[in-house]
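Working notes, structure below.
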């Protein structure tokens with residue numbers, strides 16, 4: 001204890017060596033000066049930023065600076081500001097004063113104005129190849145910048161050369177009125193595109209709806225098509241407008257929007273009788289579908305808890321050890337570098353077998369390969385700023401030993417997340433890239449290769465079938481061949497495949513999933529956004545400290561927002577945003593999918609178990625797809641009775657999950673009770 005106090009006082013004295021004599025308290029007048037003081041730049045560009053600390057006399061003081069900025073919009077790193085999204089923002093620069101200094105912390109707010117680069121080209125993407133009298137043709141425009149990136153939600157101006165032949169509304173819906181030729185013009189920010197249309201006489205005398213089903217459940221996607229019939233037979237290219245009417249099975253709880261209809265694809269959110277309508281010209285065709293409730297709710301029962309109440313718990317990993325018993329590892333967040341090891345063979349009697357403390361503030365991630373022969377602990381906030389990963393020999397899984405550490409090739413900047421295969425460990429390096437480490441010899445890990453996506457920040461990586469899916473905030477998910485070979489990649493030479501950007505700019509986790517029943521390949525992308533900005537439930541925020549009865553402060557769990565985006569990635573060249581899972585007043589964190597069931601950690605929303613069987617469309621939370629919800633509350637928790645589920649993992653018929661305030665939990669779904677007749 002005396003040595004710790006001595007070091008702390010030494011740091012304080014060293015700090016004062018940089019200050020003029022006599023200026024050692026409030027009158028030192030520390031202030032920050034930014035160059036430039038106001039920043040203007042375009043999305044995709046960067047500008048230098050220098051912030052200095054000055055005392056009252058204008059003398060430069062050598063103190064570190066910490067920056068805070070909206071990560072979906074910009075980043076400050078290595079003296080450069082990078083822009084990702086347009087708007088007006090602020091960078092908050094704060095001087096990091098040594099422990100023991102009671103001076104008011106100097107801060108500076110730096111205004112940042114970010115504009116979009118100019119539009120270079122426009123693709124109109126009409127909904128049908130031809131326009132007939134009395135029909136309407138929709139457009140789905142894409143506006144590209146000169147570098148090939150897309151402008152989110154472009155707003156175009158639409159006109160036609162002769163409104164008596166065809167008119168167009170402000171959203172690009174073009175309606176034919178009489179036979180003739182007409183030019184459609186779409187413009188944005190000085191860039192225009194013109195398309196010549198010939199409006200032809202309406203050829204059909206009958207309209208048929210085909211496909212779909214007579215009955216379905218909420219959440220089931222039905223696909224309809226409409227075909228015209230005329231004197232010459234079938235007419236396949238008619239523009240069709242789709243709609244539906246709805247009679248609920250319970251008129252008291254009928255919602256305003258009961259279904260989604262998207263160019264012939266239909267999904268109902270509540271039970272009832274739906275009539276699907278196809279309209280083209282003066283013709284209408286209809287198909288009635290009776291929709292039943294999904295009826296999949298199951299009781300979820302607590303099995304056991306491995307309580308951690310002295311600090312925040314981070315991630316978990318559950319696996320079968322080399323001795324045939326089942327184990328879990330949990331990390332700690334913003335604590336003292338502890339990782340805990342649990343025997344979970346009997347989830348009703350989980351118990352800690354060991355713990356390891358490493359030099360880190362946060363052990364954010366813990367991983368093990370399928371065999372369980374080794375494990376890895378991530379390190380952030382090491383006392384000597386040398387972070388990296390700690391590799392454990394799990395020959396005795398109840399009492400692991402440290403085999404080695406890996407601290408080179410950039411990982412010393414901090415490892416936030418990892419992914420473990422049998423032979424290789426993927427480790428994030430300071431949020432810039434991921435490094436691939438050969439761990440075949442646990443006691444001599446070797447650097448293999450790395451991937452660093454340009455102008456991007458990486459938060460997590462998941463590997464499936466030789467393809468790495470990295471979650472990169474404003475750049476969405478980046479897909480890289482790391483051994484699959486289809487795109488020529490190997491573990492030694494990763495090859496970029498594609499990038500699926502997402503306009504929310506907060507892609508935190510990605511889980512790839514092949515759905516056997518439909519043959520589709522989905523990407524589940526989770527947001528992570530702090531606070532409830534512009535939300536009515538934003539509240540007073542969080543300090544993530546235990547409640548202090550003397551001061552009345554603390555005990556408040558942070559408010560999070562964001563949801564799960566579901567991308568149809570069956571064709572990597574044409575990814576489609578098809579569905580989401582979003583609940584109000586909370587935000588997603590880590591997830592797991594197995595056998596068409598989603599296990600979603602939803603922070604304050606608890607553990608959510610969701611049916612993702614069949615084709616997916618719309619918001620799954622509105623479709624009766626939730627199987628169960630469990631919110632762990634511990635009156636003795638780090639933040640008492642506060643729910644903050646971090647991650648979930650199914651294992652041998654049980655669901656294990658970690659909660660930031662209370663440690664490791666196990667639950668189990670019970671069979672649905674049969675109704676009593």
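Can you tell me the FRET efficiency between residue 334 and residue 641 if r is taken as the Cβ-Cβ distance and R0 is 30 Å, rounded to the nearest 0.05?
Result of the calculation: an efficiency of 0.90.
Just to be sure I understand the curve: with the Debye formula and one point per C-alpha of region 300-669, what is log10 I(q)/I(0) at q = 0.08, 0.12 Å⁻¹?
-0.37, -0.89
Listed highest first by mean packing, meaning other Cβ atoms within 10 Å per residue, what order do 415-424, 126-135, 88-97, 640-649 come in?
My ranking of the peptides, most packed first, is 640-649, 415-424, 126-135, 88-97.
Apply 1/(1 + (r/R0)^6) to the Cβ-Cβ distance of residue 345 and residue 194, taking R0 = 56 Å, and write down the FRET efficiency to the nearest 0.05. Display every interim value, and only then the final one.
Values: r = 70 Å, r/R0 = 1.25.
FRET efficiency, residue 345 to residue 194: 0.20.
Could I have the simple spin-label model distance between residue 159 and residue 66, label points 7 Å from Cα toward Cβ, reported in nm to one decimal?
Each label point lies 7 Å from its Cα, and together they span 5.5 nm.
Find the percent of Cα-Cα distances in the chain that exceed 45 Å, and round it to a whole number.
On the way: 70044 of 228826 pairs.
Result for the distance tail: 31 percent.
On a full-extension model of 0.36 nm per residue, what is the gain between residue 576 and residue 447, subtracting their alpha-carbon distance, rounded to one decimal in nm? Walk me through the intermediate numbers first.
Details: separation 129, 0.36 × 129 = 46.44 nm, distance 3.58 nm.
Stretched fully, the residue 576-residue 447 segment lengthens by 42.9 nm.
For the Cα atoms of the chain, what angle does the longest principal axis make with the long axis of helix 2-16, in degrees from 0 to 90, nearest 10?
Around 70 degrees separate the two axes.
Would you kindly state how much longer the chain becomes between residue 301 and residue 206 on full extension, computed as 0.36 nm times their sequence separation minus their alpha carbon distance, in nm to one decimal? Can you show the working numbers first?
Details: separation 95, 0.36 × 95 = 34.20 nm, distance 5.61 nm.
Difference between extended and current length: 28.6 nm.
Roughly how many nanometres apart are two label points built 7 Å out from the Cα toward the Cβ at residue 77 and residue 597?
3.8
Give me the extension gain from residue 149 to residue 185: residue separation times 0.36 nm, minus the current Cα-Cα distance, reported in nm with one decimal.
10.7 nm
Could you run the Debye sum over the Cα atoms of region 206-292, one equal point scatterer each and no solvent, and tell me log10 of I(q)/I(0) at q = 0.21, 0.22 Å⁻¹, two decimals?
-0.91, -0.98
Over the chain, what relative contact order in percent results from Cα pairs under 8 Å that are six or more residues apart?
Once normalised by length, the contact order is 8 percent.
Could you state the number of Å between the C-alpha centres of region 365-384 and region 571-618?
Region 571-618 and region 365-384 have Cα centres separated by 26 Å.
Over the residues of region 335-477, compute the C-alpha Rg and express it relative to 2.2 N^0.38 Å.
After normalising by residue count via 2.2 N^0.38 Å, the value is 1.03.
Once the Cα gyration tensor of region 119-200 is diagonalised, what are the square roots of 5 times its eigenvalues, in whole Å and ordered largest first, as equivalent ellipsoid semi-axes?
24, 11, 10
For 472, 535, which order do you get if you count the other beta carbons within 10 Å of each Cβ and list the fewest first?
Ascending Cβ contact count within 10 Å gives the list 535, 472.
For an R0 of 30 angstrom, estimate the FRET efficiency from the Cβ-Cβ distance between residue 86 and residue 170 and round to the nearest 0.05.
In this case the efficiency is close to 0.90.
Say each of residue 495 and residue 547 gets a label point 7 Å from the Cα, pointing the same way as Cα to Cβ; how far apart are those two points in nm?
5.9
Only the coordinates and a few stated rules stand behind these numbers; no lab work does. The structure presented is a predicted model; accordingly, all values stated were derived computationally and were not measured. Note: ideal-geometry Cβ built from the backbone for every residue, glycine included; neighbour counts use all protein chains shown.
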